[in-house]
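What follows is one structure encoded as structure tokens, with my remarks underneath.
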Amino acid sequence: MYILEEEKFFWLLLIVPVLLLFYFLQLFWKRRKQKQFAKPAMLMQLSPDRSRFKPALKFAFLLVALGAMAFALVNPKIGTKMETVTREGVDIVFALDVSKSMEAEDVAPNRLEKSKQLVTQVINNLGSDRIGLIGYAGSAFPQLPITTDYASAKMFLQSMNTDMVSSQGTAIKEAIKMATTYFDEDSQTSKVLIIISDGEDHEGDALAVAREAAEQGIRIFTIGVGTPKGGPIPIKRNGVIQSYKKDQNGETVITRMSDQTLKDIADVANGTYIQGNVTSEVTGEVAEFLQTLDQTEFEAKQFADYQSQFQWFLGLAILLLLADIFMLERKTAWVKKLNLFNERGSK
């Protein structure tokens, strides 16, 4: 297992394509000026020891060295061993709606990205609880089983999108059914299901399934994302809006948040509903809700003794910079004798 201590330094990698662009522009300008000065054959006679390959190699060394320095600043760390620790907390499963209606942009940047932000902030505020992740639309699918590995949970969370489920629609009952399989029926650990959705439910029967879950000791917390006014569902290509989803009559579909279903589910499952457009309110409400639950001890395996790996990248950067400094741009004598490109000497 690995962690990235300072991910913000990845932005430094943007320097590489910028330098690459300037290099090619300079190379183009240089060759055009050389052609204006003399013919290629004359240039070869004027500078017979000039290497065409070495300047490009030296520049490649420089780019790789800069990339290695960026990785060194990020400081990747690798867990060297597993250890079993005793932790105290509750089991929480997040069920995230990934139906097409979650692409509506009535909340910024859109409902799905806002939902991811909410779940990420809730996870950041957790202590030693175990978490799981489910995605659902017309059907539900397991994304991550119950774990204490928050880093993996956030990684899987960010990979979720509306194309993950082939059957579209919104079937909240399927998410609840899937969640019941995540929890250990024999465990005394408090069980919480957090549903994040715009509230549209195309299948129905969600309340009946929620009651069954409540009978199994699962409390359901629902978070509504979206606005009553709603918005259209954009159809994008390469991140650019091409049009909006239309119905059979050619009218633009407007999807609106339906919080009543989410409120009813929370009521029958001894939970709480909150409007999720303000992140701080959501994290505060969830924290208060979790504090009312009994904490249970459980054993968990996790990586320990994370060791920094920046020195490898720093060493590579120094090695390449030294190679760039000491490598001359003229042809090496023994390579010149090989005449790899069958170049004829001047007469």
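The values are calculated or read from the model by the stated rules, or taken from the named source; none is laboratory data. If you're wondering where the values come from, they're calculated on a predicted model, not measured in any experiment. Glycine gets a Cβ as well: all are built from the backbone with ideal geometry, and neighbour counts include every protein chain shown. Side chains are part of the model used for accessible areas, which takes the heavy atoms of the whole protein and leaves out ligands, DNA and RNA. Shrake-Rupley method; radii C 1.70, N 1.55, O 1.52, S 1.80 Å.
What the table below lists for this structure:
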read-out	value
Residue that is modelled with the lowest pLDDT [pool: residues in segment 292-314 that are exposed (fewer than 13 other Cβ atoms within 10 Å of the Cβ) and closer than 11 Å to residue 190 by Cβ]	294
Filter result for residue 192 (among the β-branched types (Val, Ile, Thr) and open to solvent by less than 20 Å² (accessible area, probe 1.4 Å))	yes
Residue list for segment 83-140, filter: at pLDDT 90 or above, acidic (Asp, Glu), surrounded by fewer than 24 Cβ atoms within 10 Å (Cβ to Cβ) and not in a helix (DSSP H, G or I)	91, 105, 106
Residue check, residue 144 hydrophobic (A, V, I, L, M, F, W, C) and assigned to a helix (DSSP H, G or I)	no
Check on residue 170, in contact with a Phe, Trp or Tyr (Cβ under 7 Å, 6 or more places away or on another chain), at pLDDT below 85, in a loop (DSSP other than H, G, I, E, B) and not small (Gly, Ala, Ser)	no
Scan of segment 59-80 for residues that are open to solvent by 30 Å² or more (accessible area, probe 1.4 Å) and touching a residue at least 12 places away in the same chain (Cβ under 8 Å), ordered by number	59, 61, 62, 64, 66, 69, 71, 73, 77, 78, 80
Subset tally (residues that are surrounded by fewer than 17 Cβ atoms within 10 Å (Cβ to Cβ) and either in contact with a strand residue (DSSP E or B) (Cβ under 7 Å, 6 or more places away or on another chain) or in a loop (DSSP other than H, G, I, E, B) (or both)) for segment 195-215	4
Considering residues of segment 1-25 that are over 29 Å from residue 77 (Cα atoms) and either in contact with a strand residue (DSSP E or B) (Cβ under 9 Å, 6 or more places away or on another chain) or surrounded by 11 or more Cβ atoms within 10 Å (Cβ to Cβ) (or both) only, the residue modelled with the lowest pLDDT	23
Of all residues making up segment 216-272, the number that are among the aliphatic types (A, V, I, L, M), crowded, with 17+ Cβ neighbours inside 10 Å and not in a loop (DSSP other than H, G, I, E, B)	7
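So that you can scan it fast, the table gives a plain yes or no per residue for (1) within 22 Å of the chain's Cα centre (by Cα); (2) under 13 Å from residue 111 (Cβ atoms); (3) not charged (D, E, K, R):
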residue	(1), (2), (3)
239	yes, no, yes
248	no, no, yes
255	no, yes, yes
260	no, no, yes
267	no, no, no
272	no, no, yes
279	yes, no, yes
283	yes, no, yes
